[in-house]
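Visitor: Handing you a structure now.
The values are calculated or read from the model by the stated rules, or taken from the named source; none is laboratory data. Quick caveat: nothing in here was measured; it's all calculated off a predicted structure. Positions of Cβ are generated from backbone atoms using ideal geometry, with glycine treated the same way; all protein chains shown enter the neighbour counts. With ligands, DNA and RNA removed, areas are computed over all heavy atoms of the protein, side chains included. Shrake-Rupley method; radii C 1.70, N 1.55, O 1.52, S 1.80 Å.
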Amino acid sequence: MKNKKGFYLFLLILLPALIFLFLKGFGKNEFQIPIYYTDGIGGDTLRQVTCLERNTEQYIVKSPELKAGVTKVIHFERMDGPVLKTRLEELEKVQDVFYSHPNVQMTSYLNSASIQTDAITGYNQRVTFMDQFWHFKELDSASWGNLKYCGMVMSDLDNRVILVDAKNRIRGYYNIMEREETDRLILEIRILQTIDLDNE
């Protein structure tokens with residue numbers, strides 16, 4: 001009886017270890033996140049945005065504003081108010097997770113015609129802004145609109161946050177007014193950090 005118990009105990013300990021070693025050696029733990037516009041920008045994509053570069057090749061965001069080689073979280077803002085406060089609080093959660101990652105950066109682009117950096121940083125009693133991670137840039141209306149609509153493939157009504165990979169490909173749009181979407185953004189940034197972009 002003692003031998004039987006000892007054998008079962010041995011199996012109970014050994015089996016999980018064997019499964020772990022097998023998965024580590026032969027298994028693949030891969031998560032996929034989409035790459036947007038792999039076949040380019042079609043004629044039916046935001047027809048009203050006439051400045052979009054329409055072709056059949058992988059769409060790459062071309063802008064001197066976007067540094068290649070790092071994962072980018074992009075946020076556009078054009079007015080102050082309670083919605084902005086909520087968005088800043090959600091973006092702070094992203095900052096809290098990734099502020100020490102040198103290959104991740106977050107930028108809020110402000111339309112200087114209607115909102116300035118002072119209005120944003122006025123929330124600093126409730127939101128902590130870490131300058132080395134979260135950047136604020138004021139753009140004139142034309143430059144702001146060009147980057148948002150022609151660069152990020154967004155509509156006039158679109159207030160989502162965008163995830164752009166190190167190759168300047170769009171990887172996701174997120175409505176961070178919903179906490180689940182902020183969680184999804186954080187998860188997908190983590191996944192991007194584990195992907196070999198050269199072999200995608």
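Visitor: Based only on the alpha carbon positions, what is the Kirkwood hydrodynamic radius of the chain, in angstrom?
Guide: Working: mean 1/r = 0.0520 Å⁻¹.
One decimal place: 19.2 Å for the Kirkwood radius.
Visitor: Shifting gears a bit: Cβ under 15 Å from ASN146's Cβ, ASN146 left aside: what net charge do those residues give with Lys, Arg +1 and Asp, Glu -1?
Guide: -2
Visitor: Right, something else. Distance check, please: which entries in LYS67/LYS93; LYS72/LYS93; LYS62/LYS93; LYS72/LYS167; LYS93/LYS148; LYS85/LYS137 exceed 21 angstrom between their Cα atoms?
Guide: Listed pairs above 21 Å: LYS67/LYS93; LYS62/LYS93; LYS93/LYS148.
Visitor: Now for a separate question. Using a 1.4 Å probe on the protein heavy atoms, what percent of the accessible area of segment 160-200 belongs to carbon and sulfur?
Guide: 43
Visitor: To the nearest 10 square angstrom, what accessible area does CYS51 show with a 1.4 Å probe?
Guide: Accessible surface of CYS51 is approximately 70 Å².
Visitor: Please compute the per residue accessible area over the chain with all protein chains in place, 1.4 Å probe, rounded to a whole number of Å².
Guide: Accessible surface, normalised per residue, equals 60 Å².
Visitor: Ranked from the most accessible area to the least, with a 1.4 Å probe and all protein chains present, what is the order of ARG169, ARG179, ARG54?
Guide: Ranked list, largest accessible area first: ARG179, ARG54, ARG169.
Visitor: Largest first, what is the accessible-area ranking of GLU90, GLU138, GLU180 with a 1.4 Å probe?
Guide: On the way: GLU90 20, GLU138 85, GLU180 120 Å².
Per-residue accessible area, sorted high to low, gives GLU180, GLU138, GLU90.
Visitor: For the chain, return all DSSP H helices satisfying: extent of Cα atoms along own axis at least 18 Å; mean Kyte-Doolittle hydropathy at least 0.0. Provide the component values of the computation, followed by the final result.
Guide: Details: long enough: 2-26 (35 Å, 1.30); 82-98 (25 Å, -0.31); 179-194 (23 Å, -0.47).
The qualifying helices are 2-26.
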